[in-house]
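The next block holds one structure in the form of structure tokens; read it before the comments.
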Amino acid sequence: IIRDVHLSLETRNIFRREGIRRNIQVKPEIVKIIGELMVSIKDEHILEPAITYEIYPIDKINKQQLVLRQITLNGSLFTSALQNATEIAAILCTIGPKLENKVTEFISEGEPLQGMLLDGIGSAAVDSLSQEACKIITGAASSRGQQTSSPLSPGISGFPITEQRQLFQLISADKIGVRLSDSGVMVPLKSVSMIVGI
């Protein structure tokens with residue numbers, strides 16, 4: 001479990017997560033609001049980044065299955081994406097619930113623009129956090145003379161979202177305050193789960 005994680009929140013990544021294309025001229029008032037939100041995020045300690053991960057040996061990879069001890073993940077992607085892997089890292093990242101709560105607060109107080117922009121900042125923060133998690137796994141693998149695959153998350157083509165529950169059996173989600181709802185959605189929403197082949 002890693003909690004002391006520096007997040008790189010560059011303006012261009014925030015704009016991308018807001019749906020603002022690179023060549024678009026952003027209105028000064030939007031830039032001003034984003035700047036104010038960034039200050040409040042820091043002052044109010046709204047981001048609580050945390051990563052938990054475990055490394056497991058791969059027992060076997062069939063056409064549609066990745067078998068790890070007593071857990072089997074189903075997905076057609078595994079054969080191609082993990083064909084040379086001997087282990088996987090099961091990873092979960094979250095920025096905590098405070099940002100989502102603040103977004104809800106903005107919307108309920110009649111400030112939907114601030115809520116939408118803050119939500120985009122949260123998405124950029126999760127992106128940055130997942131990149132940091134991958135760097136940690138890559139660094140650990142590299143120190144052993146190994147390489148890593150690209151990250152694979154439930155919900156991408158070839159890795160059904162229904163496998164989220166199986167993946168959660170491999171991760172100490174509760175230790176960083178993440179749970180699955182009855183419908184299989186992660187709570188807090190600003191969380192990401194993935195596996196990386198080693």
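In a DSSP loop and with at most 15 other Cβ atoms within 10 Å, the GluC sites (Glu not before Pro) in segment 61-152 are E109.
At a 1.4 Å probe, what is the % contribution of carbon and sulfur to the accessible area of the chain?
50
Our coupling estimate for segment 136-144, obtained by passing each phi through the Karplus curve with A = 6.51, B = -1.76, C = 1.60 and θ = phi - 60°, is 4, 5, 4, x, 5, 5, 4, 5, 9 Hz, Gly and Pro reported as x.
Kindly report the accessible area of the chain per residue (heavy atoms of protein chains, probe 1.4 Å, no ligands, DNA or RNA), in Å².
Result: 55 Å² of accessible area for each residue.
Per-residue ellipticity at 222 nm computed for the chain from its helices equals -12000 deg cm²/dmol, with DSSP H segments shorter than 4 residues left out and the rest contributing -39,500 (n - 2.57). The order of the peptides 23-33, 54-64 by mean Cβ neighbours within 10 Å, most packed first, is 54-64, 23-33. Normalised by the number of residues in the chain, the average gap of Cα pairs under 8 Å and 6 or more apart makes the relative contact order 28 percent. Centre-to-centre, using Cα atoms only, segment 132-148 and segment 156-198 are separated by 21 Å. Note that segment 36-42 has calculated 3J(HN,Hα) couplings of 5, 5, 4, 5, 5, 4, 6 Hz, one per residue in order, obtained from phi through the Karplus relation 6.51 cos²θ - 1.76 cosθ + 1.60 (θ = phi - 60°); glycine and proline are x.
Count Lys and Arg as plus one, Asp and Glu as minus one, and take only other residues whose Cβ is under 10 Å from that of P57; the net charge is then -1.
Taking θ as phi - 60° and the Karplus parameters 6.51, -1.76 and 1.60, the scalar couplings of segment 2-18 work out to 10, 10, 8, 10, 7, 9, 8, 9, 7, 4, 4, 6, 5, 4, 4, 6, 7 Hz in sequence order, x denoting glycine and proline.
Using DSSP to call loops (not H, G, I, E or B), can you name the trypsin sites (Lys or Arg not before Pro) in segment 141-198 whose Cβ has at most 11 other Cβ atoms within 10 angstrom?
When the trypsin sites (Lys or Arg not before Pro) of segment 141-198 are filtered for loop state and at most 11 Cβ neighbours within 10 Å, R144 remain.
The values are calculated or read from the model by the stated rules, or taken from the named source; none is laboratory data. Here the structure is a predicted model, which means the values were calculated and not measured. Heads up, the Cβs are rebuilt from the backbone with ideal geometry, glycines too, and the neighbour counts pull from every protein chain shown. Only protein heavy atoms, including side chains, enter the accessible area calculation; ligands, DNA and RNA are left aside. Shrake-Rupley method; radii C 1.70, N 1.55, O 1.52, S 1.80 Å.
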